[in-house]
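Student: One structure is given below, represented as structure tokens, and several questions about it will come after.
The values are calculated or read from the model by the stated rules, or taken from the named source; none is laboratory data. Predicted model only: the values in this text are computed from it and were never measured. Note that we place each Cβ from the backbone using ideal geometry, even for glycine, and neighbour counts take in every protein chain shown. SASA here: full protein model, heavy atoms, side chains in, ligands and nucleic acids out. Shrake-Rupley method; radii C 1.70, N 1.55, O 1.52, S 1.80 Å.
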Amino acid sequence: MTRRRITKFITRAALVCAIALTGMTAPQGTVAQSLFSTAITVNDTAITNYELDQRARFLTLLRSPGDPVVEARKGLIDDRLRLSATRRAGINPTPEEVLEGMEEFASRANLTAEQFVQAIEQTGVARETFRDFVAAGLAWRTFVQGQFGPRSQVTEAEVDRTLAQSATSRGSVRVLMSEIIVVAGGPTGDRNRALIQRLSDTIKTKSAFAAAARRYSAAPTRRVSGRLEWLPIGQLPPALRAAVLVLEPGEVTDPLPLGPGIGIFQLRALEEIEGDAPETLALEYVKLLIPGGRSDAARADAQKLQDTYDTCDDLYKPAQSRPAEYFERLTQAANEVPGDIALELAKLDDNEVSTALTRQDGDFLVYLMLCGRTVQTAEAEPQLDENGEPLPVVDERDQVRQNLFNQRLASYADSFLEELRADAVIVENP
């Protein structure tokens, strides 16, 4: 969200708030007393109505998934429980550390901390609300790393076992996932990367993921809440395959680069299927660029191609009347194929078409047809981007190791917080 959009949103929210307050008939002192009275008590620590209102406003401004009032209550209760643990451990971020955390958070909206504070204050969200939100997160992360980091370490044997499971199951396991994909480049790139990171960090349920997909995803699957059909694990891009294999149903991957896009994926289900695993999968496909991006004319051109030509061989005919650089027929090992194209191909059967992708900042629609899948034993060449430049090599071992560590650390943290919640005395006042 740009500063201009934040300011516009905030101004509108502040006006609504002012109108609502103007319409109140209770005396000012009564309103203040109610606002700062205790709403919830957590182990004799009070949460006021003011804090609940502030957190709900803040979550609304951040467009966090879920009902902001419900999430504000849950988040503040959890913060009190976390705070009790971090204080017992002697963890208290310094003002400098909190300010650095505020700067990092604000940078996700391309703002400085002071600019972000000035913007949110226009909605009545206080600087202290933002500061406390950041400080609580910093303290908890420090506590979790110190308390559970050592026992969350991943051994090379565990990495080997996970990779072995991947190698032996690629043809005998299929996954049911949902996706949220946004554009990683261009003028909205920084904002989209910050958004997808926040969604990865905060989404905990399938319904929240579905709502976020409908709201934010640039993929055609947004119309079906981001849901994909069953896919064999071996057809997925290597980085996505490694990330998904260590998830439990309902969990969400870290953001993954997908060509000009970046995405997160939620595992909905995983099941074994009969059949032997292929050695190395090779994909043969046609990529035909259509000028006009997602314009009606480009889509009409793509639909005409799809209605007229049934196979990859047929596409040579329309290619003759187009610039040579617009047409490519490629055969590549699965780990050579650009991530976004590999993901689309994974959804297709032979001679099926996808028009979900664009290239060159959206100027061209990609008409993608899968010709077929075969087993390939040749060593893969370095993967290149659309400009012929080498893409960063994804170290599958490092990816698996990090995913296992994050999963284990989150599990310890969630279990510990659940214990704190079970042992706590939480009273909600009427």
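Student: Please enumerate, by chain and number, the lysines with C-alpha under 28 Å from the C-alpha of LYS287, excluding those fewer than 8 residues away in the same chain.
Tutor: LYS287 reaches LYS304, LYS317, LYS347.
Student: Sort LYS74, LYS287 from largest to smallest accessible area, using a 1.4 Å probe on the heavy atoms of the protein chains. Mind dumping the intermediate values first?
Tutor: On the way: LYS74 110, LYS287 30 Å².
Largest to smallest exposure gives the sequence LYS74, LYS287.
Student: Can I ask one more? Using R₀ = 25 Å, calculate the FRET efficiency as 1/(1 + (r/R₀)^6) where r is the Cβ-Cβ separation of ALA422 and ASP201; round to 0.05. Intermediate results must be reported in sequence, preceding the final value.
Tutor: Numbers: r = 24 Å, r/R0 = 0.97.
The formula returns an efficiency of 0.55 here.
Student: Set the Förster distance to 51 Å, then compute FRET efficiency between THR41 and THR308 from the Cβ-Cβ distance, nearest 0.05. Intermediate results must be reported in sequence, preceding the final value.
Tutor: Working: r = 70 Å, r/R0 = 1.37.
That pair, THR41 with THR308, gives E of 0.15.
Student: Enter the Cα centre distance for the pair the range 316-331 and the range 171-224, rounded to the nearest angstrom.
Tutor: Using only Cα atoms, the two centres lie 32 Å from each other.
Student: Within a Cβ distance under 14 Å of PRO65, other residues only, what is the Lys/Arg minus Asp/Glu net charge? Mind showing how you got there, number by number?
Tutor: Details: positive: ARG63, LYS74, ARG198, LYS204, LYS206, ARG214, ARG215; negative: ASP67, GLU71, ASP201.
Net charge around PRO65: +4.
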